[in-house]
Amino acid sequence: MKGIILNFSIQTNSGIISGEDSQRYSFVGNEWKERSVPERGLKVDFDITPQGQAIDIYLELLSNLSTDNTTLPKKTVKSEDQYQFVDWFIKCLKNYANFNGRASRQEFWFFVLCKYTLIFILFLLDEMLETGGIFWVIAAIGLGLPEWAVGCRRLHDINRTGWYQLLAIIPFAIILLVIWWSKESDPQENQYGKITT
């Protein structure tokens, strides 16, 4: 069936699609099969479960192409192969409280690198302005939740529960977490979803 995304909440990892039959169908983020984040107004193809949930949701290819004689999309969406340093950071910020699904090594490590680079720059700014460290402390606190979320998704990617992040409170256990965060993705679909890039 075809439809249009009415809304999608990253916080609840759920959304609603208005189908071509004028019915509304709820869906969870794991059913979104594209690499981009689902956004309001995107035209999609999807299937429906007997319970009336939308599943296997893909962008409707032809409707998202421009109507003139070119085949360029109306809205250019980068694939993860084209992501730069900051794109990974922004992706994690958009999923700042999403503890479901999987995250690749690139997504996790680029976010961590960008976060600590930003905190270091703000620390230097605090020193220059003599503000008592307020900028970098706010940044560190504000970026804590997305770091925990992407760390959880990274553990899911190697088929481990995100609760293992609590090992960080044990001295030297962070070494085990760094090893797990550095592992290659589980090549098979696991209980947390399909493989990421």
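The values are calculated or read from the model by the stated rules, or taken from the named source; none is laboratory data. Just so you know, these numbers come straight off a predicted model, no measurement behind them. Cβ: placed from backbone, ideal geometry, glycine included. Neighbour counts: every protein chain shown. These area figures cover heavy atoms from the full protein model, side chains too; ligands, DNA and RNA do not enter into them. Shrake-Rupley method; radii C 1.70, N 1.55, O 1.52, S 1.80 Å.
Values for this structure:
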{"read-out": "13 Å cut-off, amide nitrogen to a point 7 angstrom out along GLU60 Cα→Cβ, residues in the range 9-49", "value": "17-23, 41-47"}
{"read-out": "Mean Cα-pair separation over length for the range 109-197, i.e. relative contact order, pairs under 8 Å, 6 or more apart, %", "value": "19 percent"}
{"read-out": "Cut-off 12 Å between beta-carbons: net charge of the residues surrounding ILE48, Lys and Arg +1, Asp and Glu -1", "value": "-4"}
{"read-out": "Cα centroid separation - the range 90-120 against the range 143-164, whole Å", "value": "10 Å"}
{"read-out": "Estimated vicinal HN-Hα couplings, Hz - the range 118-129 in sequence order (Karplus 6.51, -1.76, 1.60; Gly, Pro = x)", "value": "4, 5, 5, 4, 5, 4, 4, 5, 4, 5, 5, 8"}
{"read-out": "By accessible area with a 1.4 Å probe, ligands and nucleic acids excluded, highest first: order of GLU31, GLU20", "value": "GLU20, GLU31"}
{"read-out": "Inter-label distance, nm, simple model (7 Å from Cα along the C-beta direction), ILE175/GLN23", "value": "5.7 nm"}
{"read-out": "Sites matching GluC sites (Glu not before Pro) across the range 120-197 that sit in DSSP coil, with at most 11 neighbouring C-beta atoms within 10 Å", "value": "GLU130, GLU184, GLU189"}
{"read-out": "Accessible area per residue in Å² at 1.4 Å probe, computed on the chain", "value": "60 Å²"}
{"read-out": "Angle between the chain longest axis and helix 85-94 axis [Cα atoms, degrees, rounded to 10]", "value": "70 degrees"}
{"read-out": "Debye-sum result for the chain in log10 I(q)/I(0), which assumes one identical scatterer on each alpha carbon, at q = 0.15, 0.16, 0.17, 0.18 Å⁻¹", "value": "-0.99, -1.08, -1.16, -1.24"}
{"read-out": "Summed side-chain charge close to GLU60 - residues other than GLU60 whose Cβ falls under 9 Å, Lys, Arg +1, Asp, Glu -1", "value": "+1"}
{"read-out": "Residue-level accessible surface for LEU129, protein heavy atoms, 1.4 Å, Å²", "value": "100 Å²"}
{"read-out": "Within the accessible area of the chain (1.4 Å probe), percent carbon and sulfur", "value": "60 percent"}
{"read-out": "Net charge over other residues, Cβ less than 13 angstrom from the Cβ of VAL150 (K, R count +1; D, E count -1)", "value": "+4"}
{"read-out": "J(HN,Hα) series, the range 10-22, from Karplus relation 6.51 cos²θ - 1.76 cosθ + 1.60, nearest Hz, glycine and proline x", "value": "5, 4, 9, 6, 8, x, 9, 10, 8, x, 5, 8, 6"}
{"read-out": "Linear extension gain, TYR96 paired with GLU184, 0.36 nm per residue minus alpha-carbon span", "value": "29.4 nm"}
